[in-house]
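Notes follow the structure.
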Amino acid sequence: MPTKIIELARHGDIVVEKKYGMSLEEFRRDHLNPLVPVVLGDATAQWPAVKEFSFEFFKRRFGNREVEIAGQHFPLAEFIDRLETCTAENPAPYPGKLALDRHFPELIEYVQPRFNYACPDRIGHRAIPQSFACGAANYEIFFGSSGGSFPYVHYDYMGFHAWINQIVGEKEFIIVPPWESHYVYPDPADPWKSLVNNLKDPDLERFPLTTQATVLSFIVGPGETMFIPNGWWHTTISKTATISVAFDQLCHSNWSRFRAEVRTKFAGAHPAKQALSQAYLALLGPMLDLSERMRTART
Ligand SMILES: O=C(O)CCC(=O)C(=O)O
Ligand SMILES: [Fe+2]
């Protein structure tokens, strides 16, 4: 069956599409390797989460569980009531983000299987020192209210690819390509964060170059998955109350970017330590490539 394609956004020659029934080969050729974002309409079709998760489900099963959101502690039921009743003008704090394995370990099986497009992944590999992976959480669950916007425009740290799986409600994504970083004013103190907080209505006195940026925005709905390759600037706004589950990926296609990020992260370390970590990653990359290829050949 041919891949079903729906155009979501276009700006000049940059297009964001939603695809159904895409082969792994096509994903790697057209998205993973050239670093082209895409929305997958059916990657999570097997996830029990897509059928089962709702605000009602979380209130019933975990309503009394205490969660910390934006520095405040709530029983989850109280936070959910707030999400569902607050207004777009006065949204609940966002992101209401929790590590799934720490807060809801019993729900990990609801976000399985890991679909092929996001495999292999090296983030949890035992050969990668935890300090390099910045303790990236396996799966994070995000609860949002209508109007809740991610607090800044950014790209994911350490050069990771981001996978954001929309489970309940609709979220708008606003993205800008990596080669236009100079139009979005990276924060000199945190170069993966932009100083511009509203890309759709920027402060043109402070940020005049944003008018030249290719800003693409589109909606991702329940059961759909956003793939954001490393380096793409992004932020979100929930259009309704939302639940999403996100994870990062490190593989062959972002390995060199990851090495560059490790170099920057440890720029202040002793030169011998830096040289050693770079030499280690230079050797490890091809070894992991080989072992991943052998594993694929066996399956
Ligand atoms: O789902 C969202 O609101 C965006 C999440 C995100 O970009 C991140 O956590 O890095
Ligand atoms: Fe992100």
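None of the figures in this text is laboratory data; all of them are computed from the coordinates on show. It should be emphasised that the depicted structure is a prediction, and the values quoted were computed from it without experimental measurement. When we count neighbours, we look across all protein chains shown, and the Cβ atoms used for this are built from the backbone with ideal geometry, even at glycine.
Within the listed set A43, A275, A92, the Gaussian network model of the chain (springs between alpha-carbon atoms below 10 Å) gives the highest mean-square fluctuation for A275.
Under the definition of Cα pairs under 8 Å and six or more residues apart, what whole-number percent is the relative contact order of the chain?
Averaging sequence separation for qualifying contacts and normalising by length gives 23 percent for the chain.
Relative to one another, the C-alpha centroids of region 58-78 and region 89-116 are positioned 13 Å apart.
The mean sequence separation of alpha-carbon pairs under 8 Å and at least six residues apart, normalised by the residue count of region 156-277, gives a relative contact order of 45 percent. Largest GNM mean-square fluctuation among M226, M287, M158, using the chain with Cα springs under 10 Å: M287. Between the alpha-carbon centers of region 1-45 and region 253-286, tell me the distance in whole angstrom. Each part reduced to its Cα centre gives a spacing of 31 Å. When the chain is treated as a Gaussian network with alpha carbon springs shorter than 10 Å, the biggest mean-square fluctuation among F79, F55, F104 belongs to F104.
Against the empirical curve 2.2 N^0.38 Å, the C-alpha radius of gyration of the chain lands at a ratio of 1.02.
Identify the GluC sites (Glu not before Pro) of region 194-299 meeting these criteria: DSSP loop state and at most 13 other C-beta atoms within 10 Å of the C-beta. Working shown, then result.
On the way: sites: E205, E224, E261, E292; in loops: E205, E224.
Answer by residue number: E205.
Projected over all directions and averaged, the alpha-carbon convex hull of region 151-299 occupies 11.0 nm².
So which of K4/K265; K51/K193; K97/K265 end up more than 29 Å apart, counting from Cα to Cα? Violating the 29 Å limit, Cα to Cα: K4/K265; K51/K193.
Extension gain for I14-N90 works out to 24.0 nm (0.36 nm per residue, less the C-alpha to C-alpha distance).
Using the crude model of +1 on Lys and Arg Cβ and -1 on Asp and Glu Cβ, and no other charge, please compute the dipole size for the chain relative to its Cα centre, in debye to 20.
Working: 30 positive and 34 negative charges, 189 e Å.
Using only the charged Cβ atoms, the result is roughly 900 debye.
Give the relative contact order (percent, whole number) for region 88-198; include only Cα pairs under 8 Å separated by 6+ residues. Relative contact order for region 88-198 comes out at 34 percent.
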